[in-house]
Amino acid sequence: MSSETLEQYYAKVHAAVDELIYARNFYIALVSDDQEAIEFVYSVDEKGDHRPPRRLSNGLTEYVLRIREAVLADRADITRLTGEGEIQEYGNQAYSWLGVPLHRDGEVVGVLAVQSYTADIRFSADDQRLLTFVAHNISNGLARQRG
C-alpha cells in the first residue's frame, strides 16, 4: 500500500478521534518491525508535527507499551512517574496526556495518544473509554494497512 494511502488512513483515524474528543495534538506510534524502536507514523501537534523515530526507551508511549493498558495522566501524574523513574519526558511537556495501546494478535504493537498543553483541557475517564474503543476498532485496520 502506498505511503500516501497510509497517510490518508491515519488522517481519517485522526478526524474520527477529533470528532469525539480534543485531538489537536494526536499521534499514532507503532513498534518497529525489529522491536527496537517506535515510529511515529502519524503526528499532528500544535508545537510541531515532526516526531522522529526513536529507540525504545522510557517515555510515556513506551510506558503504555510496557504496562499494556491505557494511561490517563495529568501534570502531577507525569511529574510523579518521572520522579519514580518510571518515565522520562520527551518533547514538550503535556498538561494532560492520554495514551491507549493498539493490539494485533494479542500483542501491543503501538499507541494512540492525545495531549494538551493547557490547564483548561484535561482528558477524562470518558475520553479514555472513547479512545480505547477507537483503538480497539482500528487496530485491525492499522494492522491491515501496515502489513
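Here, each number is a calculation from the coordinates, and none is a lab measurement. Keep in mind it's a predicted model, so treat the numbers as computed, not measured. Here the Cβ is made from the backbone with ideal geometry for all residues, glycine too, and neighbour counts use every protein chain on show.
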Margin query: Below 8 Å, C-alpha to C-alpha, sequence gap of six or more: please give me the relative contact order for the chain in percent.
Written below: 23
Note to self: Give me the extension gain from residue 24 to residue 8: residue separation times 0.36 nm, minus the current Cα-Cα distance, reported in nm with one decimal.
What the structure shows: 4.1 nm
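Quick one: pull the percentage of alpha-carbon pairs in the chain with a separation above 27 Å. Could the numbers behind the result be given before it?
Details: 1423 of 10731 pairs.
Taking all Cα-Cα pairs of the chain, the fraction more than 27 Å apart is 13 percent.
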Item checked: Residues residue 105 and residue 33, FRET efficiency given R0 of 22 Å [Cβ-Cβ distance, rounded to 0.05] -> 0.95
Margin query: On C-alpha positions alone, give me the angle between the axis of helix 125-146 and the longest principal axis of the chain, in degrees, nearest 10.
Written below: 30
Note to self: Can you give me the angle between helix 3-20 and the longest principal axis of the chain, using Cα atoms only, in degrees from 0 to 90, rounded to the nearest 10?
What the structure shows: 50
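Filter the GluC sites (Glu not before Pro) in segment 53-124 to those in DSSP coil with at most 15 other Cβ atoms within 10 Å of their Cβ, and list the result. Please list the in-between numbers first.
Values: sites: 62, 69, 84, 86, 89, 107; in loops: 69, 84, 86, 89.
Of the GluC sites (Glu not before Pro), the ones in loops of segment 53-124 whose Cβ has at most 15 other Cβ atoms within 10 Å are 69, 84, 86, 89.
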Next item on the list: Would you please give the residues with an amide H less than 5 Å from that of residue 110, counting only those at least 5 places away or on a separate chain, with H modeled from the backbone geometry?
Entry: 31, 102
Next item on the list: In nm, give the distance between the simple-model label positions of residue 47 and residue 75, each being 7 Å from the Cα along the Cα-to-Cβ direction.
Entry: 1.2
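Of the chymotrypsin sites (Phe, Trp or Tyr not before Pro) in segment 1-98, which ones lie in a loop per DSSP and count no more than 11 other C-beta atoms within 10 Å?
none
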Notebook entry, point to check: Where in segment 53-79 does the label zone of residue 88 land, with the point 7 angstrom along Cα→C-beta and an amide N cut-off under 17 Å?
Noted result: 53-66, 79
